Amino acid sequence: MQALIQQGLIDEKTLNSLMATAVSRGQSLADLLFEREVLPDEKLGEVISSLYGVPFVKLSEKTIVDSVLKIIPYALASKQLVVAFEQTPTSIKVAFNLPNNFELINFLEKKTGLNVEPFYATKKDIKVSLKAYNKDVNTKFNTLLKGAMTNPTKIESLNDAAKILDTLILFAYQNSASDIHIEPHKDVFVVRYRIDGILHAITEMPIQILELLTTRIKVLANMRTDEHRAAQDGRFKIELEKNEITLRVSIVPTYDGEKTVMRLLSSSNQDLNIESLGYSVKNLQIIHNNILNSYGMILITGPTGSGKTTTLYSVLKLLNSSETNIATIEDPIEYRLDGVNQIQVNNAADLTFANGLRSLLRQDPDVIMVGEIRDEETAGVAINAALTGHLVLATLHTNDVSSTLPRLTDMGIEPFLVSSTVKMIVAQRLVRNLCSKCKQAYSLSIAQLSALGQKFNMHSDLGEFFTRVKNQQEYVFYKAVGCGFCGGTGYKGRTTIAEVMEVSDEIKKLIFAKASAKEIEDMARKQGMVLMLEDGLLKCMTGITSIEEVLRVMRS
């Protein structure tokens, strides 16, 4: 990787720091460089591929014919992270994440009878391309639902309902849905998926099928099948593409029947990586510095669905070691972390957040995670835990960092206790990433940017912000278009926009003086904090997301 330094793409100090991080995480330096977005993917890919002595390929820009893709069986392709993307009469072009695997190249040549031309591709690009192996699930899904629509009376057993449910879940998984909504109406029930934070109507099915489908879900989730008038909660696990998926189920009675919502949770914690959540380099550094504290409180704030729990678990995964005793109190437990003692809130047994937290303090913990601070009692116990030598991680429902501290004092916590314990606050939202295959560049002038801000009723002057960041007449942004890859939405995946505030001595004084949220924000900005809106707009300038998406999320 010295080539990066020689070409002036990175300085030696940064490279050495990244190498140390990669070694500590058991990760390749190449993958870490892509993850941190140190350089544009194409530039970094060219450097890495030159070290291997093979060409670089961006699979996201290739249309791969199904017959070529399946020359390499899915089991082998997914295990070895390889994708066949082009074929001639005598050869086949294959993307490798490790193109120096000569044993695999020889095996593929013997198996296919073709000369293998190796290319280098990023791990992320290959994993996205591997999803194409399962695109036939769309056909299966449509065929099954068409049969259910035309002949609902033939769906007469739990086995039939099981086939429909399996297909609904598989289709949701293949489309990266976080939730499945099954909603009854007068004559039909509607299935909707939440994808990248937005609900999409998928299909309508005859109401006659609903009871069997709901019964099948209740059986799997260990619920009472004879109860139709009370809300029920449960969960079950299934295996999809060698990944264990947990579905958290909520069923409630409505006027037209029982409505079901199932949340898809990966039981694997491999994706719990603080580095890949979208934080800026500056904010990541602040987070890393503060989670190394042996005591104090770290708060993650934001509305429901803003990724707070994922951030907390990513921090816990980073802190998890044989020398550290980590305990959590949650409602519900969304991920399983090996080596972490996780407790589920059970109000029926009087195991509340506050009571559970008191019990955990007698278990000699080093780090405690509180799923949510909802009341004064829980806040008080958490603050005392942070005061007595524990690192406490918790979530709170506030819109930004500056209003979080006054919220704690409004709960009845004394200002001197807040100022003594809170070390850092992270406020965040999730915005959709623009689709890499169809996003389209365009330019806006300062006047147009100001008008756009007024259209979205934003108090901030967008024109003033972009002038301050980079003073020029026009600015290049990207907009959503829509294509087959992103399902016509123009977006694929999500990332975090955030503001991160360290509680400095000056801010402690403001808390002690019961200063307003605005005064706290002004001091934090004076000390270098980037507001969440500004973090989002900076991501617009690099083509990660669109201005409309950032303003939509900030306005909601």
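The values are calculated or read from the model by the stated rules, or taken from the named source; none is laboratory data. Fair warning: this is a prediction, and the values are worked out from it, not measured in the lab. Here the Cβ is made from the backbone with ideal geometry for all residues, glycine too, and neighbour counts use every protein chain on show. Side chains included, ligands, DNA and RNA excluded: accessible areas come from the protein's heavy atoms. Shrake-Rupley method; radii C 1.70, N 1.55, O 1.52, S 1.80 Å.
Some observations on this one:
- Radius, Kirkwood style, for the stretch 232-315 when every pair of distinct Cα atoms is counted (Å): 15.8
- Nitroxide proxy distance, nm - points 7 Å out along Cα→Cβ at Ala162 and Val190: 3.1
- A straight chain from Leu361 to Asn341 at 0.36 nm per residue would run longer than the Cα-Cα distance by 6.0 nm.
- Here the Debye sum runs over all C-alpha atoms of the stretch 47-119 as equal scatterers in vacuum, and log10 of I(q)/I(0) at q = 0.11, 0.21 Å⁻¹ comes out as -0.24, -0.91.
- For the pair Glu323 and Leu29 in one chain, pulling the backbone fully straight at 0.36 nm per residue adds 103.2 nm over the alpha carbon distance.
- The residues of the stretch 409-492 expose on average 50 square angstrom of accessible surface per residue, using a 1.4 Å probe on protein heavy atoms.
- Taking other residues whose beta carbon is less than 15 angstrom from the beta carbon of Gly412, and scoring Lys, Arg as +1 and Asp, Glu as -1, yields -2.
- Placing pseudo-labels 7 Å out from each Cα toward the beta carbon at Thr254 and Thr225 gives an inter-label distance of 2.4 nm.
- Using a Förster distance of 35 Å, the FRET efficiency for Gln448-Asp522 (Cβ separation, nearest 0.05): 0.75
- Were the residues from Asp66 through Glu12 laid out at 0.36 nm apart, the gain over their Cα-Cα distance would be 15.1 nm.
- Value of Rg to Rh for the stretch 431-546, rounded to two decimals, is 1.07; Kirkwood radius and Rg both from alpha-carbon coordinates.
- Protection proxy ranking, peptides 330-342, 492-504, average beta carbon neighbours within 10 Å, highest first: 492-504, 330-342
- Distribution of pairwise C-alpha distances over the chain, 20 Å bins, in %: 18, 49, 31, 2
- Separation of the Cys483 and Lys514 label points, Cα + 7 Å toward Cβ, nm: 5.8
- Förster-model FRET efficiency, 35 Å R0, Lys124 and Tyr295, C-beta, rounded to 0.05: 0.40
- Between the stretch 267-321 and the stretch 349-392, the Cα center-to-center distance that results, in Å: 19
- Disulfide-incompatible cysteines by the Cβ rule (no partner under 4.7 Å) in the chain: Cys540
- The ellipsoid equivalent to the alpha-carbon distribution of the stretch 246-391 has semi-axes of 27, 21, 15 angstrom, derived from the gyration tensor eigenvalues as √(5λ) and listed largest first.
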